[in-house]
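Undergrad: This structure is in structure tokens; I'll ask about it shortly.
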Amino acid sequence: MDNPTQPNLHEVERLAMMFPDLPIEAIIKQDILRVGLSFSEDSLRVASGYKPKDYFIFSFDYVRLEDMEEHEAYRAPEEIKMTGGPYNLRSTITSVRVSPTSPYRVQLHEGKLTLFCGEVYLADLEFPPIPEYYKHELSSGKKISEIAPAIEWGYLVYLTVYRLCQYWGRDEECRFCDLNENFRQQREQGRPYTPVKSLDDIVEAMGLINQHDKVTKAYTVTGGSITKTLEGMKEAEWYARYAEAIESELSGRWIAKAVVQAFPKEETKLLKSGGYQIYHPNYEIWDEKLFDWICPGKARYVGRAEWMKRIVDAADVFGPEHVIPNFVGGVEMARPHGYVEVDDAIASTAEGLDFFMSKGIIPRFTTWCPEPTSDLGRQDGPPLEYFVKLLYTWRTIFEKYNLPAPPGYGRPGVGNAEFSVSAFMDVIRVEKLPQTSLA
Ligand code: SF4
């Protein structure tokens with residue numbers, strides 16, 4: 001495309017020229033995640049035949065539910081799949097974050113679902129199909145889509161079994177996180193939003209998925225942190241029971257993943273013996289000083305040094321390539337205390353990537369979504385340049401250590417990736433991967 005006047009596309013093209021061996025699909029995907037999507041009324045009407053946003057954990061929206069005049073929250077799709085357009089995009093799946101003022105607008109054009117950026121036609125779109133298993137009901141009367149929603153174009157069953165976090169209030173909750181606030185707003189809007197999902201509901205839901213679905217390949221069990229106890233159990237024991245219950249009925253049917261706190265080694269073993277294959281002890285941010293500001297609860301109850309040590313120790317239990325801690329891409333530039341310069345932020349994050357990847361542990365990232373009800377509030381996140389440099393840095397270090405594609409994330413590579421909340425899987429060069437098994 002020649003000289004687009006739209007500022008976002010101008011920047012996309014500038015960065016695509018600066019990093020010619022990054023796929024432009026990944027750059028556009030990061031920009032959409034960074035600023036969100038708006039929807040025309042007619043595109044929302046079409047969306048009713050597709051899988052809607054199930055609000056599987058956080059809100060991941062740039063406005064509150066109550067401020068969505070077109071009620072996009074109830075009608076927007078979980079993801080979009082872009083293809084074609086002036087850049088001839090290969091298939092690119094991107095999570096939907098509602099932002100009614102975003103220049104990236106989903107609309108019907110000549111009878112087709114399309115994506116525009118300002119006035120510029122950018123791509124043809126598909127919305128995700130409603131999973132076959134959503135037709136079935138649980139005996140408790142709960143909707144299966146509430147108990148066991150699918151994301152990543154159906155690849156991943158996302159089991160947020162505890163929708164609250166015991167880190168509570170601004171002195172404990174991670175500052176980017178709206179888990180507790182999202183729970184409150186969903187309940188206020190009258191949605192069924194189960195705070196603690198029962199083992200019976202989960203096992204029944206997974207049984208129905210096993211019977212009626214062939215698309216799902218992995219499940220994630222997660223939820224808020226348990227600093228004290230829940231139902232009389234400590235966190236590792238409480239979360240371990242979910243894999244135990246699923247695996248005792250349907251052993252090996254899915255790749256089992258746990259996104260929970262970084263535990264001491266003995267407690268980590270409970271997860272492994274429960275049946276989880278992948279452990280995500282998310283460290284959120286690498287920078288030492290910013291960790292204490294961004295994650296005050298984790299800093300106070302565990303401490304940064306101990307948190308990072310536990311991640312490394314977990315490699316002895318799960319094997320390094322099965323320890324995949326997440327960080328929140330971009331939160332190290334949050335105002336008022338974060339980095340101001342993109343290159344400084346990238347240098348800090350690269351240090352953490354090198355630390356873990358040199359040990360065979362592969363951190364991955366989600367794209368920071370400054371939600372209005374999080375403590376950091378609705379602020380502009382980092383510029384696109386930050387995310388493009390992060391993708392480039394992540395891949396450079398990943399290739400330096402000759403690491404395999406992380407298991408449990410679907411297919412790697414541009415045109416293949418299903419992971420939808422950052423483009424790290426899209427930028428993996430399949431031809432450079434070591435010859436190990438991929439999942
Ligand atoms: S540990 Fe932090 S990120 Fe996780 S749910 Fe609690 S407040 Fe949110």
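The values are calculated or read from the model by the stated rules, or taken from the named source; none is laboratory data. Since the structure is predicted, the reported quantities are computational estimates derived from the model, not experimental observations. For neighbour counting, all protein chains shown are included, and Cβ atoms are generated from backbone atoms with ideal geometry for every residue, glycine included.
Undergrad: Identify, by number, the condition in (1) surrounded by fewer than 22 Cβ atoms within 10 Å (Cβ to Cβ); (2) outside any strand (DSSP E or B) that Ser59 doesn't meet.
TA: For Ser59, the failing item is (1).
Undergrad: Of all residues in segment 1-14, count the ones that are at pLDDT 95 or above and either farther than 15 Å from Tyr87 by Cα or more than 24 Å from the chain's Cα centre (by Cα) (or both).
TA: Here the count works out to 5.
Undergrad: Right, next: When you go through Lys257, Lys265, Lys272 one by one, which is the residue that is at pLDDT 95 or above, away from the ligand (no atom under 15 Å from the Cβ) and touching a strand residue (DSSP E or B) at 6+ places or on another chain (Cβ under 7 Å)?
TA: Answer to the check: Lys257.
Undergrad: With respect to Lys81, determine if the residue is away from the ligand (no atom under 16 Å from the Cβ), touching a strand residue (DSSP E or B) at 6+ places or on another chain (Cβ under 8 Å) and in contact (Cβ under 8 Å) with a residue 60 or more places away in the chain. Even if it seems obvious, please write down each step before you answer.
TA: On the way: away from the ligand (no atom under 16 Å from the Cβ): yes; touching a strand residue (DSSP E or B) at 6+ places or on another chain (Cβ under 8 Å): yes; in contact (Cβ under 8 Å) with a residue 60 or more places away in the chain: yes.
Yes: the conditions hold for Lys81.
Undergrad: Please go through segment 15-33 and pick out each residue that is over 15 Å from Thr83 (Cβ atoms) and not hydrophobic (A, V, I, L, M, F, W, C). Break it down stepwise before answering.
TA: Going through segment 15-33, the residues over 15 Å from Thr83 (Cβ atoms) turn out to be 15-22, 27, 30-31, 33.
Correct list: Pro20, Asp21, Gln30, Asp31.
Undergrad: Same structure, new question: Return yes or no: is Glu70 in a loop (DSSP other than H, G, I, E, B), without any contact (Cβ under 8 Å) to a residue 40 or more places away in the chain and not small (Gly, Ala, Ser)? Quick ask: steps written out before the conclusion?
TA: Details: in a loop (DSSP other than H, G, I, E, B): yes; without any contact (Cβ under 8 Å) to a residue 40 or more places away in the chain: yes; not small (Gly, Ala, Ser): yes.
Against the criterion (in a loop (DSSP other than H, G, I, E, B), without any contact (Cβ under 8 Å) to a residue 40 or more places away in the chain and not small (Gly, Ala, Ser)), Glu70 qualifies.
Undergrad: Out of (1) over 27 Å from Leu199 (Cα atoms); (2) of a type outside the set (Asp, Glu); (3) touching a residue at least 60 places away in the same chain (Cβ under 8 Å); (4) crowded, with 20+ Cβ neighbours inside 10 Å, what's the single condition that is false for Met308?
TA: For Met308, the exception is condition (3).
Undergrad: Of all the strands (runs of 3 or more DSSP E) wholly in segment 89-179, which have at least 3 residues that are within 30 Å of Gln211 (Cα to Cα) and within 16 Å of the ligand (Cβ to nearest atom)?
TA: Result: 156-162.
Undergrad: So which residues in segment 195-212 are surrounded by fewer than 18 Cβ atoms within 10 Å (Cβ to Cβ), within 16 Å of the ligand (Cβ to nearest atom) and either in contact (Cβ under 8 Å) with a residue 40 or more places away in the chain or not in a loop (DSSP other than H, G, I, E, B) (or both)?
TA: Val196
Undergrad: Residues to consider are Leu403, Leu376; find the one that is in a loop (DSSP other than H, G, I, E, B) and either closer than 28 Å to Glu66 by Cα or assigned by TED's automatic domain parsing to the domain that holds Asp61 (or both). Can you show your working first?
TA: Working: Leu403 fails: either closer than 28 Å to Glu66 by Cα or assigned by TED's automatic domain parsing to the domain that holds Asp61 (or both).
So the residue among Leu403, Leu376 that is in a loop (DSSP other than H, G, I, E, B) and either closer than 28 Å to Glu66 by Cα or assigned by TED's automatic domain parsing to the domain that holds Asp61 (or both) is Leu376.
Undergrad: Out of (1) within 25 Å of Leu9 (Cα to Cα); (2) part of a helix (DSSP H, G or I); (3) in contact with a helix residue (DSSP H, G or I) (Cβ under 8 Å, 6 or more places away or on another chain), the odd one out for Arg395 is which?
TA: For Arg395, the failing item is (3).
Undergrad: Name the single residue that is surrounded by the fewest Cβ atoms within 10 Å (Cβ to Cβ) among those in segment 289-305 being in contact with a helix residue (DSSP H, G or I) (Cβ under 6 Å, 6 or more places away or on another chain) and without any contact (Cβ under 8 Å) to a residue 40 or more places away in the chain.
TA: Once the filter is applied, the top-ranked residue is Asp292.
Undergrad: All but one of (1) in a loop (DSSP other than H, G, I, E, B); (2) within 16 Å of the ligand (Cβ to nearest atom) hold for Val215; which doesn't?
TA: Exception for Val215: condition (2).
Undergrad: Further question on the same structure: Name the residue, out of Arg90, Arg105, that is surrounded by fewer than 22 Cβ atoms within 10 Å (Cβ to Cβ) and more than 23 Å from Tyr155 (Cβ to Cβ). Reasoning before the result, please.
TA: Numbers: Arg90 fails: more than 23 Å from Tyr155 (Cβ to Cβ).
The conditions single out Arg105.
Undergrad: Suppose we filter Val317, Val302 for residues that are more than 22 Å from the chain's Cα centre (by Cα) and within 16 Å of the ligand (Cβ to nearest atom); which single one remains?
TA: After ruling out the rest, the residue left standing is Val302.
Undergrad: Right, another one. Restricting attention to segment 180-190, and to residues there that are within 12 Å of the ligand (Cβ to nearest atom) and of a type outside the set (Phe, Trp, Tyr), which single residue is nearest to Asn416 (Cα to Cα)? Explain how you work it out, then say what you get.
TA: So in segment 180-190, the residues within 12 Å of the ligand (Cβ to nearest atom) come out as 180-183.
Keeping just the survivors that are of a type outside the set (Phe, Trp, Tyr) gives 180-182.
Numbers: Asn180: 34, Glu181: 34, Asn182: 31 Å.
Across segment 180-190, the extreme among qualifying residues is Asn182.
Undergrad: Take the residues of segment 214-243 that are surrounded by fewer than 17 Cβ atoms within 10 Å (Cβ to Cβ) and charged (D, E, K, R): which is farthest from Leu270 (Cα to Cα)?
TA: Lys214
Undergrad: Which of the residues spanning segment 275-292 are within 15 Å of the ligand (Cβ to nearest atom) and more than 22 Å from the chain's Cα centre (by Cα)?
TA: Of everything in segment 275-292, just one residue is within 15 Å of the ligand (Cβ to nearest atom) and more than 22 Å from the chain's Cα centre (by Cα), namely Asp292.
Undergrad: Taking the options Ile346, Ile324, name whichever one is of a type in the set (A, V, I, L, M) and more than 27 Å from Thr227 (Cα to Cα). So that I can check it myself, show each step before the final result.
TA: Values: Ile324 fails: more than 27 Å from Thr227 (Cα to Cα).
The conditions single out Ile346.
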